[in-house]
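The structure appears below as structure tokens.
The values are calculated or read from the model by the stated rules, or taken from the named source; none is laboratory data. This structure is a prediction, so every number in the text was calculated from the model and none was measured. Positions of Cβ are backbone-derived with ideal geometry, glycine not excepted, and every protein chain shown enters the neighbour counts. To get the accessible areas, we keep the full protein, side chains included, count just its heavy atoms, and leave off ligands, DNA and RNA. Shrake-Rupley method; radii C 1.70, N 1.55, O 1.52, S 1.80 Å.
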Amino acid sequence: MNMERRHIVFLTGAGISVESGLTTFRGKDGLWNNKSWRFLASTEGYYKYPQDFLDFYNWRRKKLAEAEPNRAHRLIAELEREYQVTVITQNVDNLHERAGSTNVIHVHGNLTKVCSTKSPHDPRFVEDYPLTEPIRLGDKAGDESQLRPYTVLFGERALRMEEAQEAALHADVFVVVGTSLAVMPAADLVRYVYKEVPKFVIDPKEVMACEAMGFEAIRATAGEGMAYLVERIKSGAIGIKACN
Ligand code: OAD
């Protein structure tokens, strides 16, 4: 742990974007209650039903274009004025960046980019693509294979995990916001945090994996929970120092 305690690391999931109008995956109204969508978000789903796969992702891309960052995204971004902040997110939205966060590690990719179907996460073929522009069958990536969204499908490896693990290892405060921690390997990141580091979990529901590991539970929505946490940080109660 750093002697100058100033590095706050967030691990976020779908719950942080609920107040922006986006949907979670599990639980009531979760996207994965629709079994066909859950299937489409897999490599097998893509190869068997490419048009349905693209329709599903184009719909999510359009919804994201209409969404705005919420209070929780903004409060995390504002912390950068005084602290070193790393955001590890499982979300494929760009709401952290649009709120102003500059150090965001997307472990499940990003809907604002596209990549090649043949070599999905090869950086040579990853490019920005407007959210409002649907990806069509026949659109080609740089290697001439079909273009697809730059997201991690079931059956594929998570991205940038080494950077995420490194950030968790060097956290002076670690905060989980809006994730059920149901999906590996992202869920395992909580194990990289040193025992003595203050740890919080902001979620209206119990997140077993955290509470069993000594996280302080803030049972609230992301916006309310972040406002409460920022107040605690600024009051000095958590013992983290501002950088300036
Ligand atoms: P989940 O749907 O599994 O979990 C969402 C969490 O957000 C739950 O713990 C909810 O209680 C919580 N929640 C709901 N409303 C909230 C609010 N207003 N404020 C704060 N929390 C709220 O979503 P993730 O954990 O993000 O992967 O799912 C992880 C991965 O599973 C996703 O990235 C996706 C999915 O399969 C892939 O597609 C590869």
Inset, instruction - May I ask for the angle, rounded to the nearest 10°, between helix 50-66 and the longest principal axis of the chain, with both axes built from Cα atoms and the value confined to 0 to 90°? - result: 40 degrees
Legend entry - lysines with Cα under 20 Å of LYS48, excluding same-chain neighbours fewer than 8 positions away: LYS35, LYS118, LYS140
Inset, instruction - Report the residue, chosen from ARG124, ARG148, ARG74, that carries the largest GNM mean-square fluctuation when the chain is represented by alpha-carbon nodes joined by springs under 10 Å. - result: ARG124
Inset, instruction - Taking a cut-off of 21 Å between Cα atoms, list the lysines near LYS205, but don't count ones fewer than 8 places away on the same chain. - result: LYS28
Inset, instruction - Would you look at the GNM of the chain, springs on alpha carbons closer than 10 Å, and say which of ASP122, ASP172, ASP203 moves the most? - result: ASP122
Inset, instruction - Pull up the cross-link candidates among the lysines for LYS199, meaning alpha carbon to alpha carbon under 18 Å and not fewer than 8 places away within one chain. - result: LYS234, LYS241
Legend entry - Rg followed by Dmax, in Å, when region 1-47 is reduced to its Cα trace: 16.8, 51
Legend entry - q = 0.20 Å⁻¹: log10 I(q)/I(0) that the Debye formula gives for region 105-148, counting C-alpha atoms only: -0.58
Inset, instruction - Summarise the accessible area of region 1-107 (1.4 Å probe, protein heavy atoms) by the percent that is carbon and sulfur. - result: 50 percent
Inset, instruction - Using a 1.4 Å probe and counting only protein heavy atoms, arrange CYS243, CYS115 so the residue with the most accessible area comes first. - result: CYS243, CYS115
Inset, instruction - Could you compute the FRET efficiency for ALA212 and GLU78, with r as their C-beta to C-beta distance and R0 at 30 Å, rounded to 0.05? - result: 0.45
Legend entry - Semi-axis lengths, Å, the chain, gyration tensor of Cα atoms, sqrt of 5 times eigenvalues: 32, 18, 17
Legend entry - Residue-span extension gain [THR43 to LYS63] - 0.36 nm each, minus C-alpha spacing: 4.9 nm
Inset, instruction - Step through the residues of region 147-152 one at a time and calculate ³J(HN,Hα) from phi using the Karplus curve (6.51 cos²θ - 1.76 cosθ + 1.60, θ = phi - 60°), rounding each to whole Hz and writing x for Gly and Pro. - result: 6, 9, x, 7, 10, 8
Inset, instruction - Could you state, as a whole-number percent, how many of the C-alpha pairs of region 1-125 are farther apart than 22 Å? - result: 43 percent
Legend entry - region 41-82 pair-distance distribution - Cα-Cα, 5 Å bins, rounded %: 5, 19, 15, 13, 11, 11, 11, 8, 5, 1
Legend entry - Rg/Rg_ref, region 199-244, where Rg_ref = 2.2 N^0.38 Å and atoms are Cα: 1.23
Legend entry - Residue-level accessible surface for TYR129, protein heavy atoms, 1.4 Å, Å²: 40 Å²
Legend entry - Semi-axes of the equivalent ellipsoid for region 66-159, Cα gyration tensor, largest first, Å: 28, 14, 10
Inset, instruction - State, to one decimal in nm², a quarter of the convex hull surface area for the C-alpha atoms of region 160-244, i.e. the direction-averaged projected area. - result: 5.9 nm²
Legend entry - Cα long-axis angle, helix 222-234 against the chain (0 to 90 degrees, to the nearest 10): 40 degrees
Inset, instruction - Can you tell me the FRET efficiency between TYR194 and TRP32 if r is taken as the Cβ-Cβ distance and R0 is 41 Å, rounded to the nearest 0.05? - result: 0.80
Inset, instruction - Could you tell me what percent of the accessible area of region 109-170 is made up of carbon and sulfur, with a 1.4 Å probe and every protein chain present? - result: 49 percent
Inset, instruction - Return the inverse of the average 1/r over all pairs of distinct C-alpha atoms in region 123-192, which is the Kirkwood hydrodynamic radius, in Å to one decimal. - result: 15.0 Å
Inset, instruction - Whole number in Å², please: accessible area per residue of the chain, 1.4 Å probe, ligands, DNA and RNA not counted. - result: 48 Å²
